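Colleague: First, the structure itself, so that you have it in front of you.
Laboratory data are not the source of any read-out in this text; all were calculated from the coordinates shown. In this text, all values refer to a predicted model and were calculated from it rather than measured experimentally. FYI the Cβ positions are ideal-geometry reconstructions off the backbone, even for glycines, and counts take in every protein chain you see.
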Amino acid sequence: MTHNIRNIWLDYKSEVLFFLVLSACAALSHWLARFIPVDLFDGPITAIQNACTCTVCLFGAILMFVHSEGMRIRKAWGIALLSWGIADAFFLWQTYFVEVPLLNIGAGAMTAFELLVANLLGWLLLIYPTEVLRPGWLNWRRTLQQLLPMCALVALDYVLPVDLSPIVALYPVVLFILVLTHLHTYRIWCEENFSSMERVDIQWIVRYLLILLVIGLSFLYMYFTDNPARAFTQQWLLLFLFGYSTVEILFRPDPWIEARSNASTRSVGSDETDAEPLQTEQPFAPYREALESWMEQEKPYLNPDLRLIDLQRVLPINRTYLSQLINTEYGCSFYRFVTRYRIEEAKRLMTEQPDMKVQDIAQQSGFSDRKVFYRTFTRETGSSPSEWMAKCRNL
């Protein structure tokens with residue numbers, strides 16, 4: 001148990017610290033918002049914040065659609081940005097240019113309709129991580145299954161004498177948990193296809209979800225308090241999410257495209273069967289010998305971008321059977337299988353050249369950078385590279 005917690009901390013240390021810092025900033029902002037006069041907040045502050053959010057969203061949406069390059073995840077994020085940009089533009093228009101206050105999101109007493117609009121906009125922010133974790137999973141049928149209960153609650157709120165607004169406000173928590181259930185399955189898929197998690201960057205998805213968590217908690221706090229100026233925190237958190245995420249998504253590769261272009265790959269969690277035969281009638285032993293011989297002689301693990309499909313150069317079998325071979329014969333994923341070779345190579349270098357720099361050891365043993373090497377080596381061996389090197393010098 002302690003070992004697992006330690007490994008999780010090593011894998012997500014920077015993400016946890018990021019979450020704590022962002023949460024502290026949000027809490028401080030909510031506290032400071034208490035001193036913002038309501039008239040000042042309803043006037044220039046809200047107008048400036050909404051104008052900035054609208055601009056960032058619409059500009060970001062254009063970038064996503066222009067540079068989508070066939071990537072569904074960029075299109076998904078572009079749809080979310082476009083929807084938020086239009087919503088903010090409409091909010092500005094109906095608040096400052098016409099006397100039709102349809103929405104007053106951020107005030108202390110939010111109506112069920114305003115909650116519905118806020119939740120629909122929040123749901124749009126879950127489209128991107130859902131598409132990353134389970135591409136193609138979110139279709140029209142599942143969309144209706146997610147949104148209809150929320151709409152039904154709002155309709156009942158107008159009919160029943162009971163106030164259902166708190167339940168409507170908490171409903172996005174259910175959708176957020178649903179997305180979280182996909183994260184572990186996605187990590188397994190990544191470890192079965194890639195030798196470096198930095199290539200697919202699961203940490204980024206975790207960070208994105210943590211930002212959404214802070215925004216969600218901030219929204220609930222805003223909803224259950226009376227001072228409308230506390231929406232100030234919600235606005236700058238959303239602005240940060242839109243700007244930061246747009247830059248990250250624009251320069252981030254999609255591992256699914258590469259996997260699909262080189263091998264038949266099943267969507268994570270889909271109900272479809274793999275197009276490739278499992279070939280379970282063939283023995284593993286001959287392929288295991290060929291694989292180990294190739295790994296030891298050619299040392300392909302020194303390539304940080306080594307993928308499962310690269311093994312097909314020496315093993316003429318499909319991707320599914322390759323993954324099955326490694327899982328059965330070595331009791332681990334492809335990522336762990338390659339990591340073992342890299343760790344052994346690093347140990348060899350540290351033993352033979354104890355004065356070698358950690359950066360050089362990381363590079364020459366197949367790790368993408370020093371930070372990844374340090375984290376992975378510590379997790380796999382229980383000792384940091386510096387501690388291991390100190391032992392080698394004392395031998």
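Colleague: Out of every Cα pair in segment 157-213, what percent are spaced more than 14 Å from each other?
Modeller: Roughly 66 percent, once rounded to a whole number.
Colleague: Shifting gears a bit: So how strong a dipole does the chain carry about its Cα centre when Lys and Arg Cβ are +1 and Asp and Glu Cβ are -1, to the nearest 20 debye?
Modeller: 600 debye
Colleague: Something else: Taking a quarter of the surface of the Cα convex hull of segment 290-371, what do you get in nm²?
Modeller: 5.5 nm²
Colleague: Which listed residue (196, 61, 25) has the Cα farthest towards the positive end of the charge dipole for the chain, taking +1 on Lys and Arg C-beta and -1 on Asp and Glu C-beta about the Cα centre?
Modeller: In the chain, that residue is 196.
Colleague: Then there is this: For the chain, evaluate the Debye formula with one uniform point scatterer on each Cα (no solvent term) and list log10 I(q)/I(0) at q = 0.06, 0.09 Å⁻¹, rounded to two decimals.
Modeller: Values, matching the q order: -0.32, -0.67.
Colleague: Please find, in a Gaussian network model of the chain (springs between Cα atoms separated by less than 10 Å), the residue of 139, 318, 227 whose mean-square fluctuation is greatest.
Modeller: Comparing 139, 318, 227 in the GNM, the peak value goes to 139.
Colleague: Would you calculate, for the chain, the mean residue ellipticity at 222 nm contributed by helices, counting each DSSP H stretch of 4 or more residues as -39,500 (n - 2.57) and dividing by all residues, to the nearest 500?
Modeller: My calculation for the chain gives -23000 deg cm²/dmol from helical runs alone.
Colleague: Taking the alpha-carbon distance from residue 347 and a cut-off under 18 Å, which lysines remain once sequence neighbours fewer than 8 residues away in the same chain are dropped?
Modeller: Filter leaves 299, 357, 371, 391.
Colleague: What is the angle, in °, between the Cα long axis of helix 319-330 and the longest principal axis of the Cα atoms in the chain? Nearest 10 is fine, range 0 to 90.
Modeller: Between the helix axis and the principal axis of the chain, the angle is about 70 degrees.
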